[in-house]
Amino acid sequence: MGGDCANFVSQCMLAGGVHYQDTWWIEKLNNSHPRPNNSSELDDSWSLANPSPWISAVEFNEFWSSRVVTTDYLGSYITSHSDEVFFQNYFAGDVVQILSKNIWGNPGKAEHTMFMTGYGSYNNQMSFLLTYHSGSTKDKNLLQIAESNPNRYFRFFKII
């Protein structure tokens with residue numbers, strides 16, 4: 001159904017102390033479909049805003065971009081200026097999204113949401129570690145992800 005990455009990050013944020021607000025929330029109604037396979041099962045077992053920034057990368061971006069400080073970097077910029085990016089004011093508990101590039105070369109639609117879980121190095125360069133769902137991945141190095149996505153934007157959200 002999609003939405004697993006934003007749902008995972010939203011759950012991490014809630015567990016870390018960020019409280020429900022406005023349309024960013026979810027409520028379990030029953031145990032009929034704890035892991036829904038389609039929108040019908042989701043609607044039967046869960047209550048959430050529609051559209052929901054809790055489960056949608058696009059809606060998450062729109063919701064949080066207007067509430068917290070964000071910074072955008074192209075993947076190629078991250079790999080060539082890793083020290084500058086690493087020493088910005090971002091920490092474990094913050095969020096990073098991958099965005100497409102629109103036709104004018106600016107950040108476009110949010111495609112993937114990741115939770116910053118720590119710090120590491122890659123090719124002797126300090127970097128952030130990111131954890132995400134949509135292929136359960138724990139502590140993958142930002143530089144590796146940026147290297148694979150040089151023409152996509154990375155949006156950093158200052159959550160904590």
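The values are calculated or read from the model by the stated rules, or taken from the named source; none is laboratory data. Since we're looking at a predicted model, the values are computed, not measured. Cβ sites come from the backbone with ideal geometry, for glycine too, and all protein chains shown count toward neighbours. The area values use the complete protein model at the heavy-atom level, side chains included, leaving out ligands, DNA and RNA. Shrake-Rupley method; radii C 1.70, N 1.55, O 1.52, S 1.80 Å.
Which value, in debye to the nearest 20, gives the size of the charge dipole of the chain about its Cα centre, when Lys and Arg are +1 and Asp and Glu are -1 at the Cβ? It would help to have the intermediate numbers written out before the result.
Numbers: 10 positive and 15 negative charges, 42 e Å.
Here the size comes out at about 200 debye.
Which order do the peptides 73-85, 33-45 take when ranked by the mean count of other beta-carbon atoms within 10 Å per residue, highest first? If you can, show how the numbers build up before the last one.
Working: 73-85: 17.5, 33-45: 12.7.
Result, highest mean Cβ count within 10 Å first: 73-85, 33-45.
Could you give the accessible area per residue of segment 56-147, probe 1.4 Å, as a whole number in Å²?
Computed with neighbouring chains in place, this is 48 Å² per residue.
Using θ = phi - 60° and the Karplus relation 6.51 cos²θ - 1.76 cosθ + 1.60, list the HN-Hα couplings for segment 134-140 in order, rounded to whole Hz, with x at every Gly or Pro.
Per residue, the Karplus-derived 3J(HN,Hα) values read 6, x, 2, 10, 10, 6, 7 Hz.
Number of Lys-Lys pairs in the chain under 21 Å by Cα, sequence gap 8 or more or different chains? Can you show the working numbers first?
On the way: 101/109; 109/158; 138/158; 140/158.
Total qualifying Lys-Lys pairs in the chain comes to 4.
Would you mind checking which residues have amide H under 5 Å from residue 25's amide H? H placed 1.01 Å from N; only 5 or more apart, or other chain.
49, 54
Explain nothing, just the number: relative contact order of the chain, from Cα pairs under 8 Å at least 6 residues apart, as a whole percent.
Values: 300 pairs, mean separation 42.0, N = 160.
Relative contact order, the chain: 26 percent.
Enumerate the residues in segment 72-94 having an amide nitrogen under 16 Å from the point lying 7 Å beyond the Cα of residue 123 toward its Cβ.
Output list for this probe position: 74-86.
Can you give me the distance in nm between label points at residue 20 and residue 35, each placed 7 Å from the Cα along the Cα-to-Cβ direction?
That separation, rounded to one decimal, is 2.4 nm.
Summarise the accessible area of segment 78-160 (1.4 Å probe, protein heavy atoms) by the percent that is carbon and sulfur. Display every interim value, and only then the final one.
Details: 1950 of 4080 Å².
For segment 78-160, the apolar C and S fraction of the accessible surface comes to 48 percent.
Residue 28 versus residue 138, label points 7 Å from Cα toward the beta carbon: distance in nm?
Between residue 28 and residue 138, the label points sit 2.1 nm apart.
Could you work out the Rg to Rh ratio of segment 80-148, with Rh taken as the Kirkwood radius (inverse of the mean 1/r over all Cα pairs)?
Working: Rg = 12.4 Å, Rh = 12.7 Å.
A ratio of 0.97.
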